[in-house]
1. If you check R27 against the conditions, is it free of Cβ contacts under 8 Å to residues at least 24 places away in the same chain, farther than 20 Å from G8 by Cα and part of a helix (DSSP H, G or I)?
2. Looking only at the range 3-37, count how many residues are open to solvent by less than 60 Å² (accessible area, probe 1.4 Å) and of a type in the set (D, E, K, R).
3. When you go through (1) in contact (Cβ under 8 Å) with a residue 12 or more places away in the chain; (2) among the β-branched types (V, I, T); (3) in a helix (DSSP H, G or I); (4) exposed (fewer than 15 other Cβ atoms within 10 Å of the Cβ) one by one for T42, which number turns out not to apply?
Amino acid sequence: MRLLPWTGVDGKPCYLSTDDPGSLLSRLADDVEAAQLASAETVLAGARAVLHDPKAGERAVRFAQTRAVESLGDVLRVAVSRSSDTR
């Protein structure tokens, strides 16, 4: 069972049961995970810039923190998915 990098309508985890890592849904999940990781790198760079800017206001810090939390959630989902694939 593979944990997919998105949730269902009800917010619950989605899983894929297949023996074919090259299936359409498996490849889509790989692409989404890669995009999430790339986005997290961008968000991290932006958050660091905001945190290092002494003139950054509360709104900028809150925005950076919100995006960082979202990205961390995505990255953790990818990590959990990949660690469960190796079991």
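1. Judged against the criteria, R27 is not a match.
2. Selection size over the range 3-37: 1.
3. Checking T42 against (1) in contact (Cβ under 8 Å) with a residue 12 or more places away in the chain; (2) among the β-branched types (V, I, T); (3) in a helix (DSSP H, G or I); (4) exposed (fewer than 15 other Cβ atoms within 10 Å of the Cβ), the one that fails is (1).
The values are calculated or read from the model by the stated rules, or taken from the named source; none is laboratory data. From a predicted model like this one, the values you see are computed outputs, not experimental measurements. Backbone-built Cβ (ideal geometry, glycine too); neighbour counts: all protein chains shown. Surface areas here come from the heavy atoms of the whole protein model, side chains and all, with no ligands, DNA or RNA. Shrake-Rupley method; radii C 1.70, N 1.55, O 1.52, S 1.80 Å.
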